[in-house]
Amino acid sequence: MLMSKFKFKLETVLKVKVRIEELRKMELSEAEFRCEQARLELCRWQDEVEVNIGLYREKFQQRINPEEANNYHQYLTWLNHQVDLALIKLQERRKEVDQCRQRLIEASKEKKVLEKLKEKAYQDYLAEQLNAEIKFLDELGTGRYIRDQVENREVHQI
């Protein structure tokens, strides 16, 4: 008895879905890296603000001229603006990570659907093969039974 090899009709589609999922994982990883870079940048700006506030307080406790105080104030204003920009950038990067994560979840779901279809098709294939084998063995047994009956009649007739 010759058994045909299992062939999933949507194998090419499944391979594409697997590849898409891999790409989505890479996109998520890259987005997470950019998010971490944005978080580190925000921390650097916040640290810079803290250091300069400390320097400003030290200078203020000493005698500081109005022009120097104005310069510190403008610089701290600029630093705070940089913190705000870095915070906005971090929020954008977090949104990007969330979007990438959502796309990965969708790609994974699509792949799992096809994997389940493949598993069901494989189970159907196995059942079909088992039924074919049972039918073959039944036919073989029936044929043998008939031959034995014919041989027994020939023996009894002699």
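The values are calculated or read from the model by the stated rules, or taken from the named source; none is laboratory data. All of these numbers come straight from a predicted model, not from anything done at the bench. A quick note on method: Cβ atoms are made from the backbone with ideal geometry, for glycine too, and the neighbour counts reach across all protein chains shown. Only protein heavy atoms, including side chains, enter the accessible area calculation; ligands, DNA and RNA are left aside. Shrake-Rupley method; radii C 1.70, N 1.55, O 1.52, S 1.80 Å.
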Of these, 89, 116, which one is exposed (fewer than 11 other Cβ atoms within 10 Å of the Cβ), at pLDDT 95 or above and among the charged types (D, E, K, R)? 116
Can you tell me which of (1) open to solvent by less than 90 Å² (accessible area, probe 1.4 Å); (2) over 20 Å from residue 42 (Cβ atoms) is the one residue 83 doesn't meet? (2)
Filter region 57-91 for residues that are under 30 Å from residue 20 (Cβ atoms) and either of a type in the set (A, V, I, L, M) or without any contact (Cβ under 8 Å) to a residue 24 or more places away in the chain (or both) and give the result. 90, 91
Considering each of 92, 58, 68, 106 in turn, give the residue that is within 18 Å of the chain's Cα centre (by Cα) and among the acidic types (Asp, Glu). 106
I'm checking my understanding of the structure. Among residues of region 5-40 that are outside any helix (DSSP H, G or I) and without any contact (Cβ under 8 Å) to a residue 12 or more places away in the chain, which one is surrounded by the most Cβ atoms within 10 Å (Cβ to Cβ)? 7
Among (1) farther than 30 Å from residue 46 by Cα; (2) among the hydrophobic types (A, V, I, L, M, F, W, C); (3) in contact with a helix residue (DSSP H, G or I) (Cβ under 9 Å, 6 or more places away or on another chain), where does residue 126 come up short? (3)
